[in-house]
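A short write-up of the structure that comes next.
The values are calculated or read from the model by the stated rules, or taken from the named source; none is laboratory data. Everything numeric here is computed off the predicted structure, so don't read it as measured data. Glycine gets a Cβ as well: all are built from the backbone with ideal geometry, and neighbour counts include every protein chain shown. Heavy atoms of the whole protein, side chains included, go into the accessibility calculation; ligands, DNA and RNA do not. Shrake-Rupley method; radii C 1.70, N 1.55, O 1.52, S 1.80 Å.
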Amino acid sequence: MNTKFFSRRLLAVLALLALGANTASAELISRRGGTMIYDSDTNLTWLADANLLRKQLAQDPDLVGKIIQSVGTVYTNWGDIEVKYDDFIDQDYPYLRDGKVTLIGARAWASYLDYGGFDDWRLPEDGSGCTGYYCYFYSEMGSLLYEGLLGRPGVPIDKAHGPNYGLFENIQIGTYWLGNDDRTSARISSYSMYTHSNFQSTTLYRDGFNNRSWYLYGHAWAVRQGDVGDLPAVPLPSSAWLFLTSLLPALQRWRR
């Protein structure tokens, strides 16, 4: 987690309290034709599609194999864990093709993702170990939901939000994985955000105790540090300029 993020959040919160404007939304700016959204308060760029993985899986049937081959293992506080097909697709529950993945699948996809010319995408992070509502002071996704989208505690984000909500698409109502392990747990779990209530908590990834193993699935939403900016306008080819220049005399005569 970038320490500058903390200082910006502190200054922003103190300013809002001083002005009594705690309902103001963060400035979110559409980038790259609306495919990415930049949060100027946190200096983070989000994918505009909050369920891009689902679209990618539909477009490329071999995507899971490519991720497994490219990433291999994902580091956690409990060591490196091998990425498997079960992290993306549960044979017993085909509906998981709606973009739900395990914690390991989410981290592997974010690590593999190369989108818009950037390959440093990751899962949003939390630096406080906070669980509950209003976990946004050090939480990147909490900041987006509460300050950027003006979400309300206990209410699904699609039911109560501000105008910035329309900048995004495919925000799922359910569990979104965060990029932080729960270091206090004896089992493999991670922090996550529940968009059906805007509640941050910990979610179990896998329980391998008592000779059984099962997985929980959630959604993945990628973010990166910094502003991607907008692409410069494409210059007209020289032939087009020559053509337009040739029209100037005719236009001048027409004006007379």
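Packing, taken as the mean count of other beta carbons within 10 Å per residue, orders the peptides 61-72, 125-136, 103-114 from highest to lowest as 103-114, 125-136, 61-72. Between Phe118 and Lys55, full extension at 0.36 nm per residue minus the direct alpha carbon distance yields a gain of 20.9 nm. Each residue of the stretch 148-164 is assigned a 3J(HN,Hα), and the resulting list reads x, 9, 6, x, 10, x, x, 10, x, 4, 7, 9, 9, 6, x, x, 5 Hz, derived from the Karplus form 6.51 cos²θ - 1.76 cosθ + 1.60 (θ = phi - 60°), x at Gly and Pro.
Where does each of 143-154, 27-38 land if you order them by average Cβ count within 10 Å, highest first?
On the way: 143-154: 21.9, 27-38: 17.3.
The peptides rank, most packed first, as 143-154, 27-38.
Packing, taken as the mean count of other beta carbons within 10 Å per residue, orders the peptides 115-121, 195-201 from highest to lowest as 195-201, 115-121. Nonpolar atom fraction for the stretch 108-181, defined as the carbon and sulfur part of the 1.4 Å probe accessible area, stands at 43 percent.
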